[in-house]
Amino acid sequence: MSSLVIVGAQWGDEGKGKVVDLFAAHADVVVRFQGGNNAGHTLVVGNERTIVHLMPAGVLHAQATCVIGNGVVIDPAVLCGEIDELRRRGYLADPAQLKIDERAHLILPVHRAIDVASEEQAGAGRIGTTGRGIGPCYEDKMARRGLRVVDLLDPEWFRRRLDALLAVRNPALERLGRPAADADAICRELLAYGERLAPHVTDTSLYLADQVERGRRILFEGAHGSMLDIDHGTYPFVTSSNVVTGAVGTGAGIPPRHVSRVLGISKAYTTRVGGGPFPTELDDEVGAKLREVGVEFGSTTGRPRRCGWFDAVVVRQAARLSGMSGIALTKLDVLSGLPKLKIAVAYECDGKRFERVPAGMRDLESAKPVYEELDGWTEDIGPVRRFEELPAAARRYIARIEELTATPVTLISVGAEREETILLRDPFLV
Ligand code: GDP
Ligand code: IMO
Ligand code: MG
């Protein structure tokens, strides 16, 4: 059995979708194991651009079975919309290509309403969530009042569980100045989606165990980025799930020993969307240029992404947390034309030097990056397909990232398109 985990090594939007789509050609199964439709993963093939939010990014490859694991939170309206759109475009012709775990929790309209209203109420202290109801849904899961995919198949039980959930959530909504949710309307809407999703619903943990037994190639598709992990990220400016490699075990229902390789995806610079500290953020013309050339606008919400220099402290930490066996370095093309490039190698916080990301928010907010400066290059590297053909300065930049993160760069992405890639090693084998 050979498995590969793809994880985001920064604050999300590193290009995970592109890499998963590329490797899905060689995979039997592609599995989402955490998060929900707060993710937006972009796949570009020729002139066709697809953004998936819940559907695993292997979906364009008919031979790759797509699994939505128990750790994912599912908004059935969004998932049905994605299925419809993909079918309309000729994908997902065989319903057996998609498997949805029966234990995955459901995002209800009430979760979305609470997410949006509590962000509004938080004012300047808001997290800048995607407003998709992710946090409130995971809260209900942990509070043991959530509704799950399996409940959609039992209308009487669904209604009973929904009433119990609304007994807690409706007063909360009213306190936030929003109208209470209507149980009848939710039942009608959700149970109709349930009928549509039913043919895909199964015990995916059991399915994956069987795939492991048969020696199949499994690709685990992480969402978000390590610094958004609920435990290891820049709390409280994080998402509500674990996103590091360790989440594969619980979120897909497989023993961690089945994870053989981990590829961390990192941009050649850094971006962040939403609130929270970002030590290497550039509030100047370089930041604006990165945003413009890199088209740094959120795939889910369209918000402009904050941009900054490559932060080796962050990626080194991600490599340690997730046991990254390699880095896929994306968007290297975006740096072309910058005369000098900076890399943060450490932080200084209140006179103290940090080689790791400090846990304390006040330390992190005051963190001054310690920069190293490297030469840039002017060549357009979009057409390059072999490492040796990259400008010497680009090769030096990559080598320095490898040293600082103690992790080899095994893939370089020089454009959004599937083929705009320099592959140095087979990710399933290295
Ligand atoms: P994900 O959430 O990690 O899958 O990343 P997103 O899809 O949200 O954001 C990455 C963006 O960068 C998308 O618009 C991609 O099409 C684009 N992209 C990915 N790799 C490259 C690259 O190497 N160069 C350029 N210029 N764009 C890229
Ligand atoms: P992908 O998979 C970038 C951020 C939000 C916000 C915080 C909490 O495309 O890389 P949430 O809605 O999850 O409660 O928001 O997390 N965030 C992401 N940022 N890419 C993502 O996913 C993200 N998923 C969540 O912007 O700051
Ligand atoms: Mg994204």
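Sorted from greatest to least, the principal axis extents spanned by the alpha carbons of the range 105-197 come out as 42, 22, 22 Å. The average projected area of the range 266-423, computed from the convex hull of its Cα atoms over all directions, is 9.3 nm². A full extension of the chain between L206 and R385 corresponds to an added length of 60.4 nm, given 0.36 nm per residue minus the alpha carbon distance.
In the complete set of protein chains, residue-level accessible area for W377 is approximately 10 Å², probe 1.4 angstrom. Its DSSP H runs of at least 4 residues, each contributing -39,500 (n - 2.57), put the calculated 222 nm mean residue ellipticity of the chain at -10000 deg cm²/dmol, to the nearest 500.
Multiplying the residue separation of E120 and W157 by 0.36 nm and removing their Cα-Cα distance gives an extension gain of 10.0 nm. Taking each residue as 0.36 nm, the span from D350 to A288 lengthens on full extension beyond its C-alpha to C-alpha distance by 19.5 nm. Measuring between alpha carbons in the structure, the pairs from K331/K352; K16/K331; K342/K368; K16/K141; K141/K267; K18/K368 lying more than 22 angstrom apart are K331/K352; K16/K141; K141/K267; K18/K368. At the residue level, E292 shows approximately 140 square angstrom of accessible surface with a 1.4 angstrom probe and all protein chains present.
A simple packing score, the average count of other Cβ atoms within 10 Å per residue, orders the peptides 12-22, 35-45 as 12-22, 35-45, with the highest score first. Other residues within the sphere of radius under 14 Å centred on the Cβ of G90, judged by their own Cβ, net out at -1 (K and R +1, D and E -1). Solvent-accessible surface of the chain, taken per residue with a 1.4 Å probe and all protein chains present: 40 Å². Could you please report the charge total around D140, scoring K, R as +1 and D, E as -1 over all other residues with beta-carbon less than 13 angstrom from its beta-carbon? Residues close to D140 contribute a combined charge of +4. In the elastic network of the chain, a GNM with C-alpha springs shorter than 10 Å, the most mobile of L54, L335, L206 is L206. What residue among P369, P279, P255 shows peak mean-square fluctuation when the chain is described by a Gaussian network model with Cα springs under 10 Å? With Cα springs under 10 Å in the chain, the top fluctuation among P369, P279, P255 is at P255.
Building the convex hull from the alpha-carbon atoms of the chain and averaging its projection over directions returns 19.9 nm².
For a modelled paramagnetic label at R320, 7 Å from Cα along Cα-to-Cβ, the residues of the range 355-387 in reach, with backbone nitrogen under 16 Å, are 355-360, 364.
Protein-only accessible surface at a 1.4 angstrom probe places the residues T50, T301 in the order T301, T50, largest first. Taking a sphere under 11 Å around the Cβ of A328 and counting the other residues whose Cβ falls inside, with K and R at +1 and D and E at -1, yields a net charge of +4.
The accessible surface of the chain, taken with every protein chain in place and a 1.4 Å probe, is 50 percent carbon and sulfur. At an R0 of 22 angstrom, the distance between the Cβ atoms of R144 and A183 translates into a FRET efficiency of 0.70.
The values are calculated or read from the model by the stated rules, or taken from the named source; none is laboratory data. Since this is a predicted model, take the numbers as computed values, not measurements. Note: ideal-geometry Cβ built from the backbone for every residue, glycine included; neighbour counts use all protein chains shown. Areas reflect the complete protein model, heavy atoms only, side chains present, ligands, DNA and RNA absent. Shrake-Rupley method; radii C 1.70, N 1.55, O 1.52, S 1.80 Å.
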